[in-house]
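Nothing in this text is a laboratory measurement; each read-out follows from the coordinates by a stated rule. All figures in this text were calculated on a predicted structure; none of them were measured in a lab. Using ideal geometry, Cβ is built from the backbone for each residue, glycine included, and neighbour counts are taken over all protein chains shown.
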Amino acid sequence: MATALIDGQQVDFESGETILEAAEKVQIKIPTLCHAEDLSIYGGCRICVVEIEGERLLKPACATKISEGMKIKTHSPKVREVRRNIFELIVASHDISCRLNCLTCSRNQSCELREIAADIGANQTRFDPIDKGYDDDRSSVSIVREPNKCITCGRCIRKCEEVQGVGIFTMANRGPATVLTTFGDKGMGNVECTNCGQCIHACPTGALHEVYHYDRVWDMLKDEDKFVVVQTAPAVRVALAELFESKPGTIVTGQMVAGLKRLGFDRVFDTNFAADLTIMEEGTELIGRIEDGGPFPMFTSCSPGWIKYIEHFYPEYLENLSSCKSPQQMFGAVAKSYYAQQHGIDKEDMVVVSVMPCTAKKFESGRGEMDQDVDFVLTTRELGRMVKEAGIDLVNLAEEDYDPMMGESTGAGSIFGSSGGVMEAALRTAYELITEEELEELDFEPVRGAEGIKEAEVEIKGMTVKTAVASGLSNVGQLLEKIKNGEEYHFVEMMACPGGCIGGGGQPIPTNQETVEERMKAIYEIDAGKKKRKSHQNKEVQQLYEDYLGAPNSHLAHELLHTNYIKREI
Amino acid sequence: MARANLLERLHTIQDTYGYIPENEINKLSDQFDLPRSKVYGTIKFYSMFYTEPTGKYMVRVCDSLSCHLNDSEGLVTAVKNYLGIADGETTEDKKFTLEVVECLGHCGEGPVMMVNDQIYTYLNENRAIQILKDCM
């Protein structure tokens, strides 16, 4: 263990540590902008520069290794002045104008530039902002990019390439003309973007945000001729409260339901109900494949980011995908048929809104195969915005229950929001359906947790079922390569976002390892607190089969609840 | 393939086609195991790679300091008028692309113009036009 001095504090460090990491250990916060913990070191923005005794130039703390005997000043007058100058230059390249567009920016509550301004005591902006005059990229149905707000820190580039293994972004040109773009300047909607939205979490500014649907949802709520139903995804209830200053992992299921009713939705239903339904369909499909001997592995199909990824990068495995629609789409299809018929509502007058932790769900709802089952998709952030706009003190509302017929859910449906959850839910049901015995240990620990790739073997009636779970598309890619090289599994769960839907691109900012782990704990807490924890115990799902669908994988179920996929070019 | 070879491959493609077509970027992306956005970004970083077809003759007129003092401005205007295109454009017959550039490395012999790989020094407007006519 070697030692150095940072601001007069002695610090012990291991070889290879950076100054930034060492400073954190003695409670010194060095401001950073282009640096992010889950990404490679870039050293581009220079906000983190520090003074090292005996060195002529200031050095970036994020990219400089600390060494024995170093004497470092992190907040000397010289450092503070340089930092402010650098900050002024960065801000001049960002679209701040007298139109006060900070007020209307997607990141008005979570802008890192504002955080840094406070951290470094910025007290003037002497340079006029550069009017770069780029057009917004609105080619994608999920994500908008506003290049005029981009400070070219490159965090989205690294996130897309390193964490998601996709890499749609690049910098083009040089010097002041440097601009972030996609292949051939085609725009995010015309390249191999999976719409996962992780770039939004990487961005320190408002240069990336979802395509908003909330204004159109307001219009629908206002329209008295419309019967507007809403469904809420499993991962939303454990994250929404963060937008109202609550701790990550705070569960606000009942408060959220109450809030949605106050917003004026005619019915508030649960995507968890549809998750239980998905298990009935997908579990039956899996059992069928086990009986027929394949094709294996069977891949889950809930995550639309993963679906677009496989369509672009591994189309040779499309027949391995479960034909099941995602819970969001199953919900929409059932609401517009079963629920509408039972209540004499004209399908044309029904509007289905989803609240999702996800930006890719916006793309999914518009897929041609989906027949407009879901009309609008709000992210968790958009719902937070609407609740604020309506002046509802959400976290203090009295809890209310979901509406009947499509509101009941089991613990199995609840855990869909976490990586490994779909697998666990499917195994609980498949085990009992195959063996016709009661499963005693419901917790499948090996598929839980935040690791990127998890594997488990389960004995069912003398057969060893080999399963694997991956979240984060670069982990997904690694697992697919393993499968390509001959590794055999029966059932594989794939999720586009790290940690599963709780880490989705539509979740509150910040979404990072810490917040994802807290949300994950909350998801399993919900499951543990449920009396019924297996999808086939869901009474409302049973009723749906009895009254309408017949049996899982029936002809009508196939028509409504299953889909097909497209091979996409790169 | 080692990333270091990428630039050399780009040069070869540029020399063959006069630009770097999209399908070649896709091939490079496969061969180098890089996202195609990365290959595109590399191309865009260097001003002498093109993603659109250029003319048969690439005409580069220098307008940096010492050429400017020797009236490169007049030369640029004459060439523009003769070819009927602006800086960065290609003639309709795809013969000429014009670029006004910084320093071609002959500062003592200005004004200077380059046509493809050939450098022309101590130019005046008439000589420059004659050089272009000889290309026709």
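Remarks
- Taking every full run of DSSP H in chain A, the ones that stretch at least 27 Å from end to end by Cα along their long axis and average -1.0 or higher on the Kyte-Doolittle scale are A:271-292.
- All distinct Cα pairs of the protein assembly as shown go into the 1/r average, and the inverse of that average, the Kirkwood radius, is 28.4 Å.
- For the peptide B:31-44, the mean number of other protein chain Cβ atoms found within 10 angstrom of a residue's Cβ is 6.
- Gaussian network model of chain B, springs between alpha carbon atoms under 10 Å - residue of B:GLY84, B:GLY55, B:GLY18 with greatest fluctuation: B:GLY84
- Shielding of peptide B:50-57 by partners, expressed as the average count of other chain Cβ atoms within 10 Å per residue Cβ, is 0.
- Rounded tilt (10° steps) of B:22-32 against the dominant C-alpha axis of chain B: 50 degrees
- Alpha-carbon centroid distance for the pair the stretch A:68-127 / the stretch A:322-389, whole angstrom: 41 Å
- Shielding of peptide A:159-168 by partners, expressed as the average count of other chain Cβ atoms within 10 Å per residue Cβ, is 2.
- Of all lysines in the structure, the ones whose alpha carbon falls short of 25 Å from that of B:LYS133, not counting any fewer than 8 places away in one chain, are B:LYS56, B:LYS80, B:LYS94, B:LYS95.
- The length gained by stretching the chain between A:ASN512 and A:ASP131 to full extension, at 0.36 nm per residue less their Cα-Cα distance, is 133.9 nm.
- If R0 is 51 Å, the Cβ-Cβ spacing of A:MET463 and B:ASN26 corresponds to a FRET efficiency of close to 0.75.
- Anisotropy class of the stretch A:340-423 from Cα gyration tensor, a/c 1.5 cut: rounded
- Proxy reagent accessibility, fewest Cβ within 10 Å first, across A:MET220, A:MET280: A:MET220, A:MET280
- Full-stretch length increase - A:ASN85, A:ASN123 - with 0.36 nm per residue and alpha-carbon distance subtracted: 12.6 nm
- Cα lying deepest toward the dipole's positive end in the protein assembly as shown, options A:ALA456, A:PRO147, B:GLY105, charges on Cβ: B:GLY105
- Estimated dipole of chain B in Debye, rounded to 20 [Cβ of Lys and Arg +1, of Asp and Glu -1, Cα centre]: 320 debye
- Qualifying trypsin sites (Lys or Arg not before Pro) for the stretch A:15-75 [loop in DSSP, other Cβ within 10 Å: at most 14]: A:LYS29, A:ARG56
- Helix B:36-45 vs. chain B, principal-axis angle (Cα, 0 to 90°, nearest 10): 20 degrees
- Ellipticity estimate at 222 nm from DSSP helix runs (n ≥ 4, -39,500 (n - 2.57)) divided over chain A, nearest 500: -9000 deg cm²/dmol
- Radius 11 Å from Cβ of A:GLU445, net charge of other residues (Lys, Arg +1; Asp, Glu -1): -1
- The residue list A:MET188, A:LEU439, A:SER419 was ranked by how far each Cα lies along the charge dipole of the protein assembly as shown toward its positive end, using unit charges on Cβ atoms, and A:MET188 comes out on top.
- Among B:TYR40, B:PRO21, B:ASN5 - extreme Cα towards positive end, dipole of the stretch B:3-45, charges at beta-carbon: B:TYR40
- In a simple Cβ point-charge model (Lys, Arg +1; Asp, Glu -1; nothing else charged), the stretch A:96-217 has a dipole of about 120 debye relative to its Cα centre.
- Qualifying trypsin sites (Lys or Arg not before Pro) in the stretch A:100-138, DSSP loop, other Cβ atoms within 10 Å at most 12: A:ARG126
- DSSP bridge orientation in the stretch A:215-561 - percent antiparallel, rounded to nearest 5: 25 percent
- Cα centre as origin, Lys/Arg/Asp/Glu Cβ charges: chain A dipole, Debye: 2340 debye
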